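The values are calculated or read from the model by the stated rules, or taken from the named source; none is laboratory data. Everything quoted here is computed from the prediction, not taken from an experiment. Glycine gets a Cβ as well: all are built from the backbone with ideal geometry, and neighbour counts include every protein chain shown.
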């Protein structure tokens, strides 16, 4: 693990279960209004990390990629909060974004995860935690977390403590 500064953290996951566990640690810390961006090539582990985030968030539903439906909603029974999971891969034109209602989702105050955030960059709030995943080998993934605002910086610091004890 490399702590580059208070807004950047690099580490390597050596297995699918470890990537999911790290997602659980992050999901436990999410609050309504948090935005998590999951960036990386196909097969980099975005959905695995998202699955863990959903579990940590507290949804009883299995988190799956919203590739074909574009947006999945995951309720949290203990308080009725919602975690939205957006797949931006197929959203390349303004009309696509308007049809899905992303502006309404970001304005709702709910927690949001976005896979392929590069496709909806103009809609994303500045205060976001951007996670870039890269494929090293069948069992290794590199993750870089960058905090882009005050809440995301707090979230990153809390995650570092929750996941790594530092």
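Restricting the first residue to the stretch 4-19 and requiring it to be over 12 Å from residue 142 (Cα atoms), which pairs with a second residue that is assigned to a strand (DSSP E or B) meet a Cβ separation below 6 Å and a spacing of at least six or different chains?
The qualifying pairs are 7/147; 8/146.
From the set of residues in the stretch 31-73 that are modelled with pLDDT of 90 or more and assigned to a loop (DSSP other than H, G, I, E, B), which is surrounded by the most Cβ atoms within 10 Å (Cβ to Cβ)?
Checked the stretch 31-73; the qualifying residue surrounded by the most Cβ atoms within 10 Å (Cβ to Cβ) is 34.
Kindly indicate the residue of the stretch 1-30 that is assigned to a loop (DSSP other than H, G, I, E, B) and at pLDDT below 90 and also nearest to residue 105 (Cα to Cα) among those meeting that condition. Step through it out loud before you land on a result.
First, the residues of the stretch 1-30 that are assigned to a loop (DSSP other than H, G, I, E, B): 1, 6-7, 14-15, 28-30.
Next cut, at pLDDT below 90 only: 1, 6.
Numbers: 1: 33, 6: 28 Å.
Result: 6.
Exactly one condition in (1) in a helix (DSSP H, G or I); (2) under 25 Å from residue 105 (Cα atoms); (3) in contact with a strand residue (DSSP E or B) (Cβ under 8 Å, 6 or more places away or on another chain) is not met by residue 160; state its number.
Answer for residue 160: the failing condition is (2).
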